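Asker: Once you've had a glance at the structure underneath, I'll fire off some questions.
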Number of protein chains: 2
Amino acid sequence: MAVALEGIKILDMTNWYAGPFCTLLLRDLGAEIIKVERTVKDGGEGPRKNTPATKAEESGAFIQLNRGKKSVTLNTTSPQGRDIARKLAQKVDILIENFTPGVMDKLGLGSKELCKLNPGLIYASNSGFGHTGPRQYDVVFDPVAQAMGGIMSVTGYADGTPTKVGAPIADLTTGIFTAVAILAALQYRNKTGQGQVIDMSLQDCVFLPTAMWCGPSYFLEGRVPQRFGNGDEWLTPANLYPAKDGYVYIAAPLLGQTQNVFKTMGRADLLTSPLCAEGNIRIKHKQEIDELIGEWTKTKTVAELLEMLKKADVPCSAVPDFAQVCNDPQIKNREMVIEVEQLLSGKVKAAGSPFKFSKTPGNIKFPAPFLGENNVEIYSDMLGYSEAEMSKLANDNVI
Amino acid sequence: MAVALEGIKILDMTNWYAGPFCTLLLRDLGAEIIKVERTVKDGGEGPRKNTPATKAEESGAFIQLNRGKKSVTLNTTSPQGRDIARKLAQKVDILIENFTPGVMDKLGLGSKELCKLNPGLIYASNSGFGHTGPRQYDVVFDPVAQAMGGIMSVTGYADGTPTKVGAPIADLTTGIFTAVAILAALQYRNKTGQGQVIDMSLQDCVFLPTAMWCGPSYFLEGRVPQRFGNGDEWLTPANLYPAKDGYVYIAAPLLGQTQNVFKTMGRADLLTSPLCAEGNIRIKHKQEIDELIGEWTKTKTVAELLEMLKKADVPCSAVPDFAQVCNDPQIKNREMVIEVEQLLSGKVKAAGSPFKFSKTPGNIKFPAPFLGENNVEIYSDMLGYSEAEMSKLANDNVI
């Protein structure tokens, strides 16, 4: 099947989430990903050992993040290993790394050096705070970026603690933003032949989505955005309401939708009240509205509520757990859960791709590589090392 | 300044968040965005009226989302308006829309029709559940997609409610994913001259990040991922801890980091205990570890804790509120808060761009357009309408 990024080669010197998620997306779009890992002696990428794992001890997270990529082993702490990395960087279109700033420079693999060797190289870095500024050298994990990007301060309830998002959204949004940046740089390279350096920060990538929602209150009125639980400062009704057997989310902030909620409740009498007025008046009655709706939803099951509200064109939802989401007919229709065939573990489920293309659907059902699975292909075919040379490099713990 | 997406023209028929956020990113990268809005008589895009607004009644959210875009007015409910939309679609590289599936088809502006007129057109759709599957026609707002994508079920505390992320993460991640898809399709078009149809769903775009974290537990072991508050099922120590005057987040799941936490606490005695063993043993003592650390952090201020922990190379963070984040020296260094000069409102603050490029930094400090500000430029220069024709179209409420 045709792929969008046909022929694009990416040297992937990333670990864990932000970087590997970025290259997973680019792999789904058809790029060739050469994942550089520590040698067999040094254990490969850390996440290979993560739990939960299959019976054959293949990590589920590793499989999900790395399906379809190629794996080569390389010891960049050795001078010979660094030399090989420099050779690889001259054979690819894109290099991506997510070490703490300074690390690649110390290895002689910094952007200046490699872009001199390969002026067409797109050199993309992910780091916690970016490659500039006072905190650039701090070691950052996802929750630190969630905190410092501001999203933690506005997630959760006003009377509770700031709350982390239940997925590593700092790492993952940075991965997506970095893919955008890389593809934009590729467009520039197509026209000019020139590569360039991209410097993405986890903090920036959390801040931007947070600010897109919370910014105006602070920027225009100087008010500090608070936590609103499942509600919202500017919209009502929009909240999580209790049902007999669970919860429903009702999001009906447009006037017609609000009217439909009240009609469905049998409270047409409220249509002329301030509770059903235009947004800015209605929002003052948020608490009253939430209480009224909650009293009503409590008397019905989730299924009853969804049926009644959907009939009235009111956006609403149950709150399925993750297993229910995976078995949702819509998620199944969209092939968002796939199976890959791992040689050792057999069929393993993994998340699918959100990219639905008419002409370049690609194929994403590839297994994750064994450690060093593609050493021969890359070191022999791409760089021209002989069997004897590779054997010596392996013995010397270089590859 | 050079831009990455020089010369790329995008017809933007989107409303509110997912779509406009996507085209904002593409604008930051240098594309020309022609934002299609309802006519002056019909009020333009809804968010122009949103609060908070400047004294000149320009919406802060609208400015943030639309800075640097061009605005044309067009009434697509009139046959003449649709005809103009079809003409515009033949002059651009990319069209993006986020109506409920079926709406564009009914207007005669569906992907089949427009891609026939312009075979090079990349036609990208955003919708709640995508353009396939049993729920494709449901009306969806962000929290519905957060619920149905699974992230709500794993955000918040085990003994509390499922919790919405404090920013419209469904809309915003869909916007970023769609930008990735569009740029990949552009790469394909560069090679083949062919456009194609892209179909992105909010639910898919929430599900993927959620599944990247929660998937393995369910896919490999059949366990349903739960809510862990600020903690994590697989990592410890990694939690929010109380300080004398606030909270600190400590993320020290690597063995060396855990050891450094205990050393910093003056508890070197724990280094040989199961609380400081390798990951899988240590995780069984998560609660004990959290309690011990919490007892220690309670006795110190946030500033004291950060100083001690950073000295020991332990990833940690305060939890600044949004105002503090905006004034963070690192965020300032990265220019993540910018000012744009609105003709009516004067200087207005807005979120900056996370894309830091060495050769195509672009310029993002442009104001949001007046409604129909670019009608003459687009309708006269691009489509060739005369002044008299445009005047008639305006009188007829077509533009």
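The values are calculated or read from the model by the stated rules, or taken from the named source; none is laboratory data. Quick caveat: nothing in here was measured; it's all calculated off a predicted structure. When we count neighbours, we look across all protein chains shown, and the Cβ atoms used for this are built from the backbone with ideal geometry, even at glycine.
Asker: Any residue at all in the stretch B:356-370 that is assigned by TED's automatic domain parsing to the domain that holds B:Ile63 and touching a Ser or Thr at 6+ places or on another chain (Cβ under 6 Å)?
Answerer: Yes, there is a match, as at least one residue in the stretch B:356-370 is assigned by TED's automatic domain parsing to the domain that holds B:Ile63 and touching a Ser or Thr at 6+ places or on another chain (Cβ under 6 Å).
Asker: Find the residue count for the stretch B:149-173, including only residues that are under 17 Å from A:Ala318 (Cβ atoms), of a type outside the set (A, V, I, L, M, F, W, C) and without any contact (Cβ under 8 Å) to a residue 24 or more places away in the chain.
Answerer: 2
Asker: Still on this structure, please answer the following. From the list B:Leu5, B:Leu74, B:Leu11, exactly one residue is hydrophobic (A, V, I, L, M, F, W, C), within 12 Å of another protein chain (Cβ to nearest Cβ) and in contact (Cβ under 8 Å) with a residue 24 or more places away in the chain. Which is it?
Answerer: B:Leu5
Asker: Go through (1) among the aliphatic types (A, V, I, L, M); (2) in contact (Cβ under 8 Å) with a residue 24 or more places away in the chain; (3) within 30 Å of A:Asp42 (Cβ to Cβ) one by one and return the number of the condition A:Met390 breaks.
Answerer: Tallying (1) among the aliphatic types (A, V, I, L, M); (2) in contact (Cβ under 8 Å) with a residue 24 or more places away in the chain; (3) within 30 Å of A:Asp42 (Cβ to Cβ), A:Met390 fails exactly one: (2).
Asker: Would you mention how many residues in the stretch A:125-139 are closer than 15 Å to B:Ala251 by Cβ and surrounded by 24 or more Cβ atoms within 10 Å (Cβ to Cβ)?
Answerer: So the answer is 2.
Yes or no, residue by residue, for (1) on the phi > 0 side of the Ramachandran plot; (2) touching a Phe, Trp or Tyr at 6+ places or on another chain (Cβ under 7 Å):
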{"residue": "A:Glu221", "(1), (2)": "no, no"}
{"residue": "A:Gly229", "(1), (2)": "yes, yes"}
{"residue": "A:Ala243", "(1), (2)": "no, no"}
{"residue": "A:Ile250", "(1), (2)": "no, yes"}
{"residue": "A:Gly266", "(1), (2)": "yes, no"}
{"residue": "A:Asp269", "(1), (2)": "no, no"}
{"residue": "A:Gly279", "(1), (2)": "no, no"}
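Asker: To continue, here is another question. Residues in the stretch A:9-32 that are of a type outside the set (A, V, I, L, M, F, W, C), in a loop (DSSP other than H, G, I, E, B) and either surrounded by fewer than 24 Cβ atoms within 10 Å (Cβ to Cβ) or over 10 Å from the mean Cα position of the chain (by Cα) (or both): how many?
Answerer: So the count comes out to 3.
Asker: So if I check each of B:Ile182, B:Ile198, B:Ile250, which one is of a type in the set (A, V, I, L, M), more than 7 Å from chain A (Cβ to nearest Cβ), touching a residue at least 12 places away in the same chain (Cβ under 8 Å) and assigned to a strand (DSSP E or B)?
Answerer: Checking each option against the conditions leaves just B:Ile250.
Asker: Return the residues of the stretch B:317-373 that are surrounded by 21 or more Cβ atoms within 10 Å (Cβ to Cβ), hydroxyl-bearing (Ser, Thr, Tyr) and within 7 Å of another protein chain (Cβ to nearest Cβ); say none if nothing qualifies.
Answerer: Listed by number, the residues that qualify are B:Ser317, B:Thr360.
Asker: Kindly indicate whether any position in the stretch A:47-62 is modelled with pLDDT of 95 or more, within 23 Å of the chain's Cα centre (by Cα) and closer than 28 Å to B:Lys311 by Cβ.
Answerer: no
Asker: Okay, next question. Listed residues A:Leu109, A:Leu95, A:Leu88; which is in a helix (DSSP H, G or I) and not acidic (Asp, Glu)?
Answerer: A:Leu88
Asker: Could I ask something else about it? Only one of these is among the aliphatic types (A, V, I, L, M), in contact with a helix residue (DSSP H, G or I) (Cβ under 9 Å, 6 or more places away or on another chain) and under 23 Å from A:Thr174 (Cα atoms): B:Val224, B:Val197, B:Val154, B:Val144. Name it.
Answerer: Just a single option satisfies the conditions, and that option is B:Val154.
Asker: Could I ask something else about it? Report the residue count in the stretch A:146-161 for those that are buried (at least 24 other Cβ atoms within 10 Å of the Cβ) and not small (Gly, Ala, Ser).
Answerer: Selection size over the stretch A:146-161: 5.
Asker: Select, from B:Gln146, B:Gln136, the only residue that is more than 7 Å from chain A (Cβ to nearest Cβ), polar (S, T, N, Q) and free of Cβ contacts under 8 Å to residues at least 40 places away in the same chain.
Answerer: After applying the criteria, what remains is B:Gln136.
Asker: Which of the residues belonging to the stretch A:140-161 are among the aliphatic types (A, V, I, L, M) and out of contact with any Ser or Thr (no Cβ under 6 Å at 6 or more places or on another chain)?
Answerer: Correct list: A:Val140, A:Ala145, A:Met152, A:Val154, A:Ala158.
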